[in-house]
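Everything below concerns the one structure shown next.
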There are 2 protein chains.
Amino acid sequence: MARAATTSDAFNAIAEPQRREILALLRGGERPVTELARDLGMSQPQASKHLRVLREVGLVRVRGAGKQRLYGLDARGLRPVHEWVGGFEAFWNGTFDRLDAYVQDLKQDKAGESTDDDDR
Amino acid sequence: MARAATTSDAFNAIAEPQRREILALLRGGERPVTELARDLGMSQPQASKHLRVLREVGLVRVRGAGKQRLYGLDARGLRPVHEWVGGFEAFWNGTFDRLDAYVQDLKQDKAGESTDDDDR
DNA sequence: ACATCATATGCCTATATAGGCATGCATTGC
DNA sequence: GCAATGCATGCCTATATAGGCATATGATGT
């Protein structure tokens, strides 16, 4: 099987750096495709394709403004991502540093190998 | 070109649901591959492969404990992700609701087209 | 040294992505 | 209606992923 579709998830959608850049740019307000493409140094088709992905996962919205199509941010879909990742905050904070705990173990292991069944 | 490597980024690494589950499980402490595989209903080789990706992006660490290899969480790499996504918090909060703002514009645009150069 | 248990790798397949390019489609203005 | 502008799509390629399966590699105990 291949990787999950980029459109399956906000997680997958934002895995692509350029899409992240697009989203970042859109914080400044709505923009037409061409402008995004120019500012990010990508081709118009590429921008359109990335925007399509972002639209399919609901991170972006379009509205036609005459000849143009203005893309706007809809960040609500990022909330679950933020929450999921936030669930690990304690672990990089040092507050609940599981890492330290086992870096200790690591050092002890240098001396005598322990079975460490207590950590399972 | 293909998608960026899963190992290129924490963003890419966590795009895969099973890898997210692994990370979540590891919050409970270190675990050997087999156990992870069993608990998540995946094959041992698959677990090993996912763990390899997680290890390559630094989200996970291994330490040999006799015959076993205990995998432990190293969430520090998730911090940048959290921060990036957090940069959008104002936009799903309603605090700085760009979406509302432009729904307003939408209505106004019905009447008179504005050049919007102020928003660039 | 050997059998055993725990993991890592290799190989094969199906899928689809990002990107380049050309072109279709839509809206506007003349 | 027609030309022009703004975007979306289609087509082609290279790449590599997730997963299944078999097997190599590693460490342990006897």
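Between copies, how close do the B:Gln44 label points come, placed 7 Å along Cα→Cβ, listed in nm from shortest?
Listed shortest first, these distances are 5.7 nm.
With every protein chain left in place and a probe of 1.4 Å, what is the accessible surface of A:Glu56, to the nearest 10 Å²?
100
Taking the Cα centre of the range A:6-75 as origin, work out the dipole magnitude from +1 charges on Lys and Arg Cβ and -1 charges on Asp and Glu Cβ, in debye rounded to 20. Spell out each step's value before the answer.
Working: 12 positive and 8 negative charges, 51 e Å.
Value, rounded to 20: 240 debye.
Tell me, for the rotation carrying A onto B, which chain A residue has the beta-carbon closest to the axis and what that distance is in whole Å.
For the rotation taking chain A to chain B, the closest Cβ gives A:Ala15, 2.
Output wanted: per-residue J couplings in Hz (rounded whole) for the range B:80-91, from phi through Karplus 6.51 cos²θ - 1.76 cosθ + 1.60, θ = phi - 60°, x for Gly and Pro.
Per residue, the Karplus-derived 3J(HN,Hα) values read x, 5, 4, 5, 4, 5, x, x, 10, 3, 4, 8 Hz.
Pull up all non-local amide H partners of B:Ala65: gap of 5 or more, or a different chain, and H-to-H distance under 5 Å with H placed in the peptide plane.
Here the answer is B:Leu70, since their amide H atoms fall under 5 Å of that of B:Ala65.
I'd like the distance separating the alpha-carbon centroids of the range B:1-53 and the range A:18-63, in whole Å.
Distance between centres, Cα-based: 30 Å.
Whole-Hz Karplus ³J(HN,Hα) for the range B:49-61, in order, using 6.51 cos²θ - 1.76 cosθ + 1.60 and θ = phi - 60°, x for Gly and Pro?
Each residue's phi maps through the Karplus curve to give 5, 5, 5, 4, 4, 4, 6, 5, 8, x, 8, 9, 10 Hz.
Give me the extension gain from A:Ser43 to A:Arg76: residue separation times 0.36 nm, minus the current Cα-Cα distance, reported in nm with one decimal. Don't skip to the end; give the middle numbers.
Values: separation 33, 0.36 × 33 = 11.88 nm, distance 2.73 nm.
In short, 9.2 nm is gained.
Could you work out the local net charge near B:Thr7, counting Lys and Arg as +1, Asp and Glu as -1, over the other residues with Cβ closer than 10 Å to its Cβ? Please list the in-between numbers first.
Details: positive: B:Arg52, B:Arg55; negative: B:Asp9, B:Glu56.
Local net charge: 0.
The values are calculated or read from the model by the stated rules, or taken from the named source; none is laboratory data. As the structure is a computational prediction, the values presented were derived from the model and not from experiment. Note that we place each Cβ from the backbone using ideal geometry, even for glycine, and neighbour counts take in every protein chain shown. Calculation scope for accessible area: heavy atoms of the full protein, side chains included, ligands and nucleic acids excluded. Shrake-Rupley method; radii C 1.70, N 1.55, O 1.52, S 1.80 Å.
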